[in-house]
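The structure appears below as structure tokens.
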Amino acid sequence: MSQIQVEHLVKEYKRKKNPEGLIASAKSMFRPEIETMQAVDNVNFAIEKGEAVGYVGPNGSGKSTTIKMLCGILKPTTGSVRVNGLDPFHDRMKNNKNIGVVFGNRSVLWWDVPVIESFRLFQTLYEIPEKRFKENLEKFTEIMDIAPLLSVPERQLSLGQKMRCNIAAAFLHDPQIVYLDEPTIGLDTESKASIRRCISKINEEEKTTFIITSHDFQDIESLCRRIILINHGKIVLDDNMQSVKQKFNQKKQIQFEMEQNPWHNGEEFICQGVRVMGTTSHSLKLEYDLEQTDSMKIMTAVAKGSEIQDVNISGRDIEEIIRDIIRKDNHIKRSSDVM
Amino acid sequence: MKKMKELVRMTFLTKFAYMKAFWFNVLGTGASIVIYYFLWQFVFQKQNSLNGFTMVQMTTYVILSRILSSQFGGGINEELSQWIYEGKIGVELLRPISLFFTLFAKRMGEFLFFLLFKGVPISILCFLILGGTAPAGVLNFILFVLSIFISIVIMFFIEFMVGICAFYTYGYHGLMFTKSALLSILSGGIVPIFLFPKGLAAVLTYMPFAGMVSVPVNIYLGKYVLAESAKFMMLQIVWALVLCLAAHLFYGHVIKKVVVQGG
Ligand SMILES: Nc1ncnc2c1ncn2[C@@H]1O[C@H](COP(=O)(O)OP(=O)(O)OP(=O)(O)O)[C@@H](O)[C@H]1O
Ligand SMILES: [Mg+2]
């Protein structure tokens, strides 16, 4: 059995419709019109121990809602979640001991006391042995670069400093699974990079499972080998990062800088699966289809006719690929709504 | 136990961060004691005793009851409501201890802080300045302290349920105010319960609220014989258990519906 097993998961939110106009508002005080919306709509997936999964989707697609159900603080409307064989909602406290959670918009620390006091309290609450605690504290203080922040009360920290302390806090008790809901929100590039390095390392060394939501695709790309894409509460894609790139990244652009461009104002550059996008006397820009050809073939062809000085290959990155998939999905949804 | 101790310590540290606000709170309680003292002095100008209370006893009642009921403005209900309202409840639910445990430790911390920095010093100060009676006996004093401790448990469960109500109202200032006012009146924190109409007084004596002010203070003053003291304290314990059960049922019902806001 997988470490995390999600079956037919549904979460419905009930929302009071806020009517327009005074009379309608007054009416709604007594009998509010309630609409339900499916924030998570029949979601299924299974995650094995040691995986690092990127859970992505546009704003309001249901990512945070799913994470909340996974860590047991929100009761699913229907469907089931199993984490290590436990139902995280019913066995919440047991489950809590095994997981670490970072919400980008929430802090687990005590607002008025120095950060180190919060950490110490975690040690007691999670019953972390002194030796282990010391090791972890040292390790994550260094990784997150928070040594000078430990004696400062949380309310005096900046957003990014707070986040860094929270990330350190999530790892103190050696959790088996770590949920990160937009963990790099508000962080500078240096901190982002060190967090990514740290997560990759823990993931490899300790076989800790990670589920990460982020709108920063660099986070996802550098951390996750698997990507789950959710849109309007439904899973649109659940695949290996590499194969997503291959499957959806059929076309690439290649640009040559050269001494003299023999295909400028002369005969056209012809090669199977290649389209000329632009030429100048010193450069040539081509788009090619990965199914029909590859960059080596094109380079050889170009090298035959001219002296290449520089080459630049670019493809669509994962962000663009995802954006495209979502656009297509929204389109399908809209046209099926019309019918 | 160690967890409880550490959480209590945390509450102390948090409280220390707001010492200035706390001194104003102490000042307010002191002022209300003085006001009620003069009010009763006016009443006792025309008579020597009221329902068996002498002026000195009434002074004692005023000091103790004002101090005890000054706790009604605090409690954990405000924080719990805020957590639900702002969605921070999600984080609290992720701790490896139960919400009841977290909050009860907070409440104990608050009570001990209250005792140390307000209850004891202000009582002594007021007794010295306004004059009050010593407890009716050593046993009375012990039972008085014990009764106060039980009353914290009662208060805790009431506060817990009031706090949860924020889930239905999505606002909590009204709840806070109503709770504080009702408890002050019903517990005998403003006037002794015997001043209420006969029937109402009889009912109130047996309600859980009496256990917060009226019962301990009457024990202190020796208004109850030993058997009565024992009876009322048993009643306190029964109420504590009933409220504990009610709070757990209420919690079990609401937690399924709580929508952790934000994200
Ligand atoms: N407490 C709530 N009551 C009603 N609707 C809610 C509530 N919380 C979320 N929603 C709705 O549920 C949907 C999913 O929200 P969710 O927070 O899971 O999105 P998300 O994928 O995390 O988005 P983001 O990328 O912006 O964080 C949204 O349409 C949101 O409006
Ligand atoms: Mg979110």
In segment B:182-233, anything under 13 Å from residue B:141 (Cα atoms) and not in a helix (DSSP H, G or I) is listed as B:222, B:223, B:224
Of those in segment B:224-254 that are in contact (Cβ under 8 Å) with a residue 12 or more places away in the chain and within 14 Å of another protein chain (Cβ to nearest Cβ), the residue most open to solvent (accessible area, probe 1.4 Å) is B:251
Only one of A:190, A:182, A:205 is under 26 Å from residue A:86 (Cα atoms), surrounded by fewer than 20 Cβ atoms within 10 Å (Cβ to Cβ) and not β-branched (Val, Ile, Thr), namely A:205
Among strands (runs of 3 or more DSSP E) entirely inside segment A:1-102, those with 3 or more residues being under 27 Å from residue A:124 (Cα atoms), within 13 Å of ligand 1 (Cβ to nearest atom) and of a type in the set (Gly, Ala, Ser) are none
Filtering segment A:26-58 down to residues that are open to solvent by 40 Å² or more (accessible area, probe 1.4 Å), out of contact with any His (no Cβ under 9 Å at 6 or more places or on another chain) and within 30 Å of residue B:168 (Cβ to Cβ) yields A:26, A:27, A:29, A:30, A:31, A:32, A:33, A:34, A:35, A:36, A:37
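Given segment B:1-84, what helices (runs of 4 or more DSSP H) lie entirely inside it while holding 2 or more residues that are at pLDDT 90 or above and more than 14 Å from chain A (Cβ to nearest Cβ)?
B:19-44, B:55-69
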The residue from B:144, B:100, B:113, B:149 that alone is under 30 Å from residue A:72 (Cβ atoms) and at pLDDT 95 or above is B:100
By residue number, the members of segment A:113-130 that are open to solvent by 20 Å² or more (accessible area, probe 1.4 Å), outside any helix (DSSP H, G or I) and either at the interface with another protein chain (Cβ under 8 Å from one of its Cβ atoms) or free of Cβ contacts under 8 Å to residues at least 12 places away in the same chain (or both) are A:127, A:129
Given (1) buried (at least 21 other Cβ atoms within 10 Å of the Cβ); (2) in contact with a Leu (Cβ under 9 Å, 6 or more places away or on another chain), residue B:218 misses just (2)
Of those in segment A:194-226 that are in contact with a helix residue (DSSP H, G or I) (Cβ under 6 Å, 6 or more places away or on another chain) and charged (D, E, K, R), the residue farthest from ligand 1 (Cβ to nearest atom) is A:225
When segment A:316-337 is checked residue by residue, the ones that are surrounded by 15 or more Cβ atoms within 10 Å (Cβ to Cβ), modelled with pLDDT of 85 or more and either over 17 Å from the mean Cα position of the chain (by Cα) or closer than 30 Å to residue A:259 by Cα (or both) are A:329
Filter segment A:65-75 for residues that are touching a residue at least 12 places away in the same chain (Cβ under 8 Å) and under 16 Å from residue A:177 (Cα atoms); the one that is nearest to ligand 2 (Cβ to nearest atom) is A:67
**Asked** Would it be correct to say that residue A:313 is open to solvent by 70 Å² or more (accessible area, probe 1.4 Å), touching a helix residue (DSSP H, G or I) at 6+ places or on another chain (Cβ under 8 Å), at pLDDT 85 or above and in a strand (DSSP E or B)?
**Response** yes
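The values are calculated or read from the model by the stated rules, or taken from the named source; none is laboratory data. Since this is a predicted model, take the numbers as computed values, not measurements. Note that we place each Cβ from the backbone using ideal geometry, even for glycine, and neighbour counts take in every protein chain shown. The area values use the complete protein model at the heavy-atom level, side chains included, leaving out ligands, DNA and RNA. Shrake-Rupley method; radii C 1.70, N 1.55, O 1.52, S 1.80 Å.
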